[in-house]
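The values are calculated or read from the model by the stated rules, or taken from the named source; none is laboratory data. Since we're looking at a predicted model, the values are computed, not measured. Every residue, glycine as well, gets a Cβ built from its backbone with ideal geometry; the counts of neighbours run over all protein chains shown. Accessible surface areas use protein heavy atoms only, side chains included; no ligands, DNA or RNA. Shrake-Rupley method; radii C 1.70, N 1.55, O 1.52, S 1.80 Å.
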Amino acid sequence: LYEFPFKVIWEKDDTLQSTVRLAISVPKKRLSKASQRNHIKRLVREAYRKQKFLLVEKLLKENKSINLMLVYTSPSILSFTEIEDKISVTLHRLLDEV
């Protein structure tokens, strides 16, 4: 699943330890400075935290769990509002596929 600036990789998880396990990746190839990569990760984590209830709610209803990885692919730093909007669109697309 690809929704700029995120590439989403997910798989079903049968262990049911938690409904969603999240990993966030910002490749060094895109943003060379560690401080920039860490900043993006913080923004993505916060945007996901504010909107994860949609995904968790659906997974709980269907008694499923997934492993989710978000890969940031933009070569520039987007604002928090842009990232939040893109996370929202990405999660809605993911809901359709799960």
I want the local charge near Ile24. Using Cβ-Cβ distances under 9 Å, sum +1 for each Lys or Arg and -1 for each Asp or Glu among the other residues. +2
Excluding ligands, DNA and RNA, the carbon-plus-sulfur percentage of the accessible area of the chain with a 1.4 Å probe reads 50 percent
Cα centre as origin, Lys/Arg/Asp/Glu Cβ charges: the chain dipole, Debye: 540 debye
Given the pairs Lys28/Lys86; Lys7/Lys61; Lys28/Lys64, which span a C-alpha to C-alpha distance of over 31 angstrom in this model? Lys28/Lys64
Would you list, by chain and number, the aspartates and glutamates whose Cα falls below 18 Å from the Cα of Lys58, excluding same-chain residues fewer than 8 positions away? Glu11, Asp13, Asp14, Asp96, Glu97
Loop-resident trypsin sites (Lys or Arg not before Pro) in segment 10-72 with no more than 14 other Cβ atoms inside 10 Å, DSSP not H/G/I/E/B, are Lys28, Lys29, Lys33
Against the longest alpha carbon principal axis of the chain, how many degrees, from 0 to 90 and to the nearest 10, is the axis of helix 34-62 turned? 20 degrees
Please compute the per residue accessible area over the chain with all protein chains in place, 1.4 Å probe, rounded to a whole number of Å². 60 Å²
Please give the helix 80-97 orientation as an angle from the longest Cα principal axis of the chain, in degrees from 0 to 90, rounded to the nearest 10. 30 degrees
